[in-house]
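Input: a single structure, listed below in structure tokens.
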Amino acid sequence: MIQTQLYIDGQWQSPIDNGTRAIVSPADESVIAQAAEATRADARLAIAAARKAFDGPWRQTTIRDRAKLLNNIAELIDRDAGKLAHLESLNTGKTLTESRTDMGDIAATFRYFAGLVASESGAVNEAPHHVISRTLREPVGVCGLITPWNYPLLQAAWKIAPALGAGNTVVIKPSNLTPLTTHHFTQLVAELDLPPGVFNLVTGGAEVGAELAESLDVDLVSFTGGAYAGESIMKAATGNFKRIGLELGGKNPNIVFADADLDAAVDYALNAAFFHAGQVCSAGSRLMVEDSIYDAFIGRLAERLPRIVIGNGFHGETQMGPVQSAQQHEKILGMVQAGIAEGARLVHGGKRPAGDVYKKGYWLEPTLLADVTAEMKIAKEEIFGPVITAERFRSEEEALRAANDTPYGLAAAVWTRDLDKANRMSRALRFGTVWVNDYHPYFPEAPWGGYKASGIGRELARIGLDEYTELKHSYINLAPKAMGWFGA
Ligand code: NAD
């Protein structure tokens, strides 16, 4: 049985009150680990350690030291990619293929930020000859990093790499449902020769996250998760006006025009919605199809859905695993029922699959609800499960209006062969990412984040590093002269 501990000030330790939490396999509900469950008191110790490390020698590290650190972490991730992928699938239920992809992306993220950090240098500004004016980027300080359960280590990497690369110290709090890969990652960091307190792991629930958001000793909090927690973090952060980054939920339209390559559009509509059983912030769960091809499109999806292989993520043939928790399972089934009650037509799924192997665990059939209208709750709220809701539209204007009529703005996709229309739609959709004739690609070089209620700030790309820095204007007068202005 895996047992995890907290990592504070360079020491592995149990929570002050010895709290633990059973970590459960989403595939069969067996207990797979006992994780340390911290309280606010543990979080305070970790924050104090990070504070001390930031105010100490860590400030003297060079960009070369820090770029090397990120590259070393990438090497260790490559070395342990198999173990990490196994733990990620065990804990989240996602297929091993998806977890392996995540680990490759995580190593790439550390390498990308290593390169970016190494290329950092301040700018010298135009100024009078007796003045040296420079614009400098400096670390923000102690960073509280709070991550969700759907992409535990990937989301952590998007925060840890730029935070450490920019010269900050960190306290990371993964979701208490899925702490295993972040714990293993911390073991990798512990192999490196970092000063105590630079990197701290505190596993626990909302109260630990709230402590990070409220603490006056934390200078920046970066959070990925739901809107409810995001709101409370934003309010808590006002105590010292700490920097905040919020990556929140989405309701992401996947818009198919009649002139699209339909084979590709059908295929990607399934990938958009069913990767990781739909538990993806950018999942294309809101399918919108042009009227003239709507019935045929639904028919083609209906043929494919029963053929999706649902199963344990460790089995090679599995295409879709379970959802992560009992709570999610119940919530998704409730949303499907609410949709049917509002008049949506259940084409496929909407229940636990039949068969003994699916009796335990949080299994759901891939689900398609057709004839959904933009006013329905299922078209507006994030479902976060393997459910496609399909709406019909009659014109480009109608599609655009309906797609933008959501409080969220994370990601959207458009399928068309008309380049002019593709460009118009890309410009007019109010989402942080707009794909055309594709779905889901992201990479470290491109920014990630949402408009509107999908968040504040961006991760990845140069801006993803800049978010972890303060900008300073350093002005040095080399030849000061008396001004003789006041009372001279
Ligand atoms: P969640 O909001 O329940 O929890 C996220 C993290 O915040 C967890 O570590 C949790 O313990 C902590 N937390 C909960 N309440 C808190 C509080 N009041 N103060 C401080 N911390 C608190 O989210 P979740 O259910 O783990 O994740 C699913 C959500 O995350 C979905 O809405 C999804 O769309 C979103 N998400 C967004 C992105 C993105 O890039 N925009 C990526 C992944 C997931």
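The values are calculated or read from the model by the stated rules, or taken from the named source; none is laboratory data. Remember, it's a predicted structure, so these values are computed and weren't measured experimentally. Every residue, glycine among them, receives a Cβ derived from its backbone with ideal geometry; neighbour counts consider all protein chains shown. Surface accessibility is based on the protein's heavy atoms, side chains included, excluding ligands, DNA and RNA. Shrake-Rupley method; radii C 1.70, N 1.55, O 1.52, S 1.80 Å.
By how many nm would the segment from Asn477 to Gln319 grow when fully extended, if each residue of separation counts as 0.36 nm and the alpha-carbon distance is taken off? Full-extension gain reported as 50.4 nm.
Net charge within 13 Å of Ile340 by Cβ-Cβ distance, Lys/Arg positive one each and Asp/Glu negative one each, not counting Ile340 itself?
With Lys, Arg at +1 and Asp, Glu at -1, the net is +1.
Among Asp17, Asp418, the order of accessible area from largest down is Asp17, Asp418, computed with a 1.4 Å probe on protein heavy atoms. Size descriptor for region 190-312, Kirkwood hydrodynamic radius: 18.2 Å (Cα pairs only, one decimal). With Cα atoms defining each centre, region 418-436 and region 217-274 are spaced 18 Å apart in the structure.
Rounded to the nearest 0.05, what FRET efficiency is calculated for Glu29 and Ser426 with R0 set to 56 Å and r the Cβ-Cβ distance?
That pair, Glu29 with Ser426, gives E of 0.80.
For region 396-488, the convex hull spanned by the alpha carbon atoms encloses 217 Å³ per residue. The Cβ shell under 12 Å around Arg417 holds other residues with a net charge of -3, Lys and Arg each +1, Asp and Glu each -1. Helix 96-118 versus the longest principal axis of the chain: what angle, 0 to 90°, nearest 10, using Cα atoms? Helix 96-118 sits at roughly 30 degrees to that axis.
Convex hull volume per residue, computed on the Cα atoms of region 248-318, equals 88 Å³.
If you add up the charges near Lys52, with Lys and Arg at +1 and Asp and Glu at -1, over every other residue whose beta carbon is less than 11 angstrom from its beta carbon, what do you get?
Charge balance in the 11 Å sphere: -2.
Here Lys472 is the anchor, and the lysines within straight C-alpha reach of less than 23 Å, apart from those fewer than 8 places off in the same chain, are Lys52, Lys159, Lys242.
Taking the Cα centre of each part, how many Å lie between region 354-412 and region 1-68? The two parts, judged by their Cα centres, are 37 Å apart. The DSSP beta bridges internal to the chain are antiparallel in roughly 40% of cases. Helical content of the chain, expressed as a calculated mean residue ellipticity at 222 nm, amounts to -12000 deg cm²/dmol (DSSP H runs of 4 or more residues, -39,500 (n - 2.57) each, divided by residue number, nearest 500). To the nearest 10, the accessible area of Ile160 is 0 Å² with a 1.4 Å probe.
If you line up the long axis of helix 262-274 against the longest principal axis of the chain, both from Cα atoms, how many degrees apart are they, to the nearest 10? In the chain, helix 262-274 runs at an angle near 60 degrees to the longest axis.
With all distinct Cα pairs included, what does the Kirkwood hydrodynamic radius of the chain come out to in Å, to one decimal, could you say? It is 23.8 Å. Which part of region 411-433 falls in the paramagnetic zone of Lys452, meaning amide N under 18 Å from the point 7 Å along Cα-to-beta-carbon? From region 411-433, the list is 411-414, 425-433. Which value, in Å² and to the nearest 10, is the accessible area of Ile2 when all protein chains are kept and the probe is 1.4 Å? Rounded to the nearest 10, the figure is 60 Å².
Principal-axis analysis of the Cα atoms of the chain puts helix 326-341 at an angle of about 50° to the longest axis.
Gain on full extension, evaluated as 0.36 nm per residue between Gln60 and Glu303 minus their Cα-Cα distance, stands at 81.4 nm. Rolling a 1.4 Å probe over the protein heavy atoms leaves Ser14 with an accessible area of roughly 60 Å². When the GluC sites (Glu not before Pro) in region 266-332 are filtered for DSSP coil states and for at most 10 other beta-carbon atoms within 10 Å of their beta-carbon, the remaining sites are Glu317. Based on every Cα atom in region 1-140, Rg and the maximum pairwise Cα distance Dmax equal 20.7, 72 Å. Note: relative contact order over region 299-396, using C-alpha pairs below 8 Å and six or more positions apart, is 25 percent.
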